[in-house]
Amino acid sequence: MHQYFIINKPFNVLSQFSSQEGKQTLKDFFRVPSDVYPVGRLDFDSEGLLILTNDKTFNQRLLNPAHSHEREYWAQVEGTIDGQALADLRQGVTITVDGKWYKTRSCQAETMDPPPGLWERVPPIRFRKNIPTSWIRLTLQEGKNRQVRKMTAKAGFPTLRLIRYRIDGVTLEGLGPGEMRPVGSQEIGPLLFKGPQG
């Protein structure tokens, strides 16, 4: 029987259940059957949405580049981001992927007030009185390794905190860090494969 779970991965937690180098893993926060595993990954120092399942077909479909899935990220960046930087991000910037230059696909990029209901990160980012920060929303249809961090750095605004909030119509709404919600195939299928609702 296929099972699906939506989780909010906390900061500094590996996107896996097996231990490694004494770091915290999903096993420290979530209790799921032994055949359930994460679809894709989030970096150790990123937070937010991961989907867990034992459905291999679902896993292949979600990760296949032929199926473009929107991924919405909330990034707190160093500095007061300006219109030119946002325009650059929207048009695509050149980053390195596996040691080669890569031009990112066009995306949505906009400033946002601190996201509503956002939880405190533990530990918090280092506060520097003389350096302001900005929050931006980036919506991509690709997911290269550390792509958002590389993109904002290229635009001149390094990422301090990164949260994946949404994949297509599946969001973190109502989930705090370390929390999980089981979902049925009838719910998760339309959300992922028909795009955002509303």
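The values are calculated or read from the model by the stated rules, or taken from the named source; none is laboratory data. All values reported here derive from a predicted model rather than from experimental measurement. FYI the Cβ positions are ideal-geometry reconstructions off the backbone, even for glycines, and counts take in every protein chain you see.
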Considering residues that are among the acidic types (Asp, Glu) and under 15 Å from LYS154 (Cα atoms), the number found within the range 82-124 is 2
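Name the residue, out of GLY184, GLY189, GLY156, that is loosely packed, with under 14 Cβ neighbours inside 10 Å and either over 22 Å from LYS9 (Cα atoms) or not assigned by TED's automatic domain parsing to the domain that holds GLY79 (or both).
None of the others qualify; the one that does is GLY184.
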Of the residues SER68, SER34, SER46, which is of a type in the set (S, T, N, Q) and over 20 Å from LEU140 (Cα atoms)? SER34
Search result, residues across the range 38-58 that are exposed (fewer than 15 other Cβ atoms within 10 Å of the Cβ) and either in a strand (DSSP E or B) or among the acidic types (Asp, Glu) (or both): ASP45
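Here's the yes/no breakdown for (1) touching a helix residue (DSSP H, G or I) at 6+ places or on another chain (Cβ under 6 Å); (2) under 17 Å from PRO182 (Cα atoms); (3) loosely packed, with under 15 Cβ neighbours inside 10 Å:
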site	(1), (2), (3)
GLU21	no, no, yes
LYS27	no, yes, yes
VAL36	no, yes, no
LEU62	no, no, no
GLU72	no, no, no
GLU78	no, no, no
ILE81	no, no, no
Identify the residue in the range 83-93 that is under 20 Å from the mean Cα position of the chain (by Cα) and outside any loop (DSSP other than H, G, I, E, B) and, among all such residues, is surrounded by the fewest Cβ atoms within 10 Å (Cβ to Cβ). ARG90
Looking at the range 106-198, what strands (runs of 3 or more DSSP E) fall wholly within it and have at least 2 residues that are more than 22 Å from PHE17 (Cα to Cα) and polar (S, T, N, Q)? 108-112, 133-140
Failed item in (1) modelled with pLDDT of 95 or more; (2) within 22 Å of ILE188 (Cα to Cα), with ARG41 passing the rest: (1)
Test: ALA109 is out of contact with any Phe, Trp or Tyr (no Cβ under 8 Å at 6 or more places or on another chain), more than 12 Å from MET151 (Cβ to Cβ) and not β-branched (Val, Ile, Thr): no
Check VAL77, VAL97, VAL122 and return the single one that is within 16 Å of the chain's Cα centre (by Cα), touching a residue at least 24 places away in the same chain (Cβ under 8 Å) and farther than 24 Å from VAL170 by Cβ. VAL77
Among the candidates PRO132, PRO123, PRO115, single out the residue that is under 17 Å from SER46 (Cα atoms) and exposed (fewer than 12 other Cβ atoms within 10 Å of the Cβ). PRO123
